[in-house]
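Comments concern the structure below.
The values are calculated or read from the model by the stated rules, or taken from the named source; none is laboratory data. As the structure is a prediction and not an experimental result, all values here were calculated from the model. A quick note on method: Cβ atoms are made from the backbone with ideal geometry, for glycine too, and the neighbour counts reach across all protein chains shown.
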Amino acid sequence: MSALTLVSPQPGLEAVSDLSADALDYGRAALSENTMRAYGGDWREFEEWCAARQRQHLPASPSTVANYASSLASAGKKVPTIARKLAAVRFFHRDAGEDNPTDSAGVAAILEGIRRTVGKAPHQKASATVDVIHALLAYVDARTLQGTRDRAILLLGFAGAFPRSELFSITAADLTFSESGVDVFLPKSKTDQEAKGQSVAVLNGKALKPADRLKEWIVATGIVYGPIFRRINRGDHLTGEALSAQSVALIVKKYADLAGLDVEKLSGHSLRAGFVTSAAENRASISRIMEVTRHRDPRTVETYVRRADRFKDDAGDRSL
């Protein structure tokens, strides 16, 4: 098998040829909700691409998949994104009992060429550190509902190191305020695929006061149930519709643009990354950082620590 061959989203299921409908449902349940959502979107995109070119999408031929991968690369998509989209094609073919077109040697060769041409290093987004958060907050108009909401999102996302999917799944029932801050209960999260539930303690701190800003948003809106972060229509009118995970990136980029920061380098992940980087700069231990971020692999956190330390204790410090 080529090193570029995409593995099945649920290893092991493909080895069984006579799975019942119930068994397939249980197999799908092993995938995270976020993964299934991403696969669904990727599959619809593949269907639309095929329809526009009058190609059959199920079953798709290896040449169709190879051309699709090439078009993604030409459109500027990164290798990890292309790999995920082809994993969705693989998943839905196997789900339908069709042969997997991504197993073709021709597709593997195209992917090898893409990997060599485009490169495999992921684009590193900038971290929204404490300094960046202060810069963003300077342009938030807290006299409006939208500003009050955006301020709470920026601060809670940073102080709780929440992935964007978790941030916008928080409901009023998940919050418990105290003098020290706020406890956020996550019934299911990215690092808790078995849905046992996790509680994240967000300290109020001395400067940013994320718990206070969150409480101000809740008091201003009177939200007592359902999602706490919701869409706001023109005229600053609150709706009952929850924000999507993509909204955090738009909010971060909006205020980054106003603050004159490099919008392209900031994303929805920047808030979570910013917490880790700021904590590392303050010499917090990896174990303490992981208590907040709930990372399962310390090597992920070590990457941020090394980045935060790259100009400290440098070997050339005494000679430059």
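If the condition is being assigned to a helix (DSSP H, G or I) and hydrophobic (A, V, I, L, M, F, W, C), then region 209-253 contributes Ala211, Leu214, Trp217, Ile218, Val219, Ala220, Val248, Ala249, Leu250, Ile251, Val252. With respect to the conditions (1) in a loop (DSSP other than H, G, I, E, B); (2) modelled with pLDDT of 80 or more; (3) surrounded by 15 or more Cβ atoms within 10 Å (Cβ to Cβ), Leu31 falls short on a single one, namely (2). Here region 42-68 is the region considered, the condition is being touching a residue at least 24 places away in the same chain (Cβ under 8 Å) and of a type outside the set (A, V, I, L, M, F, W, C), and the residue that is nearest to Asp95 (Cα to Cα) is Pro59.
Condition check ((1) in contact with a helix residue (DSSP H, G or I) (Cβ under 7 Å, 6 or more places away or on another chain); (2) closer than 24 Å to Gly235 by Cα; (3) crowded, with 23+ Cβ neighbours inside 10 Å) across all residues:
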site	(1), (2), (3)
Val130	yes, no, no
Ala138	no, yes, no
Gly157	yes, no, yes
Ser180	no, no, no
Asn204	yes, no, no
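I'd like the residue in region 56-79 that is in a helix (DSSP H, G or I) and surrounded by fewer than 15 Cβ atoms within 10 Å (Cβ to Cβ) and, out of all such residues, is farthest from the chain's Cα centre (by Cα). The extreme case among them is Ser63. Restricting attention to region 95-106, does a residue exist that is aliphatic (A, V, I, L, M), farther than 30 Å from Ala279 by Cβ and buried (at least 16 other Cβ atoms within 10 Å of the Cβ)? There is no residue in region 95-106 that is aliphatic (A, V, I, L, M), farther than 30 Å from Ala279 by Cβ and buried (at least 16 other Cβ atoms within 10 Å of the Cβ). Within region 85-100, residues that are farther than 14 Å from Thr64 by Cα reach partners that are outside any loop (DSSP other than H, G, I, E, B) and of a type in the set (D, E, K, R) with beta carbons closer than 6 Å, at six or more positions or on different chains, in the pairs Ala88/Asp42; Arg94/Glu14.
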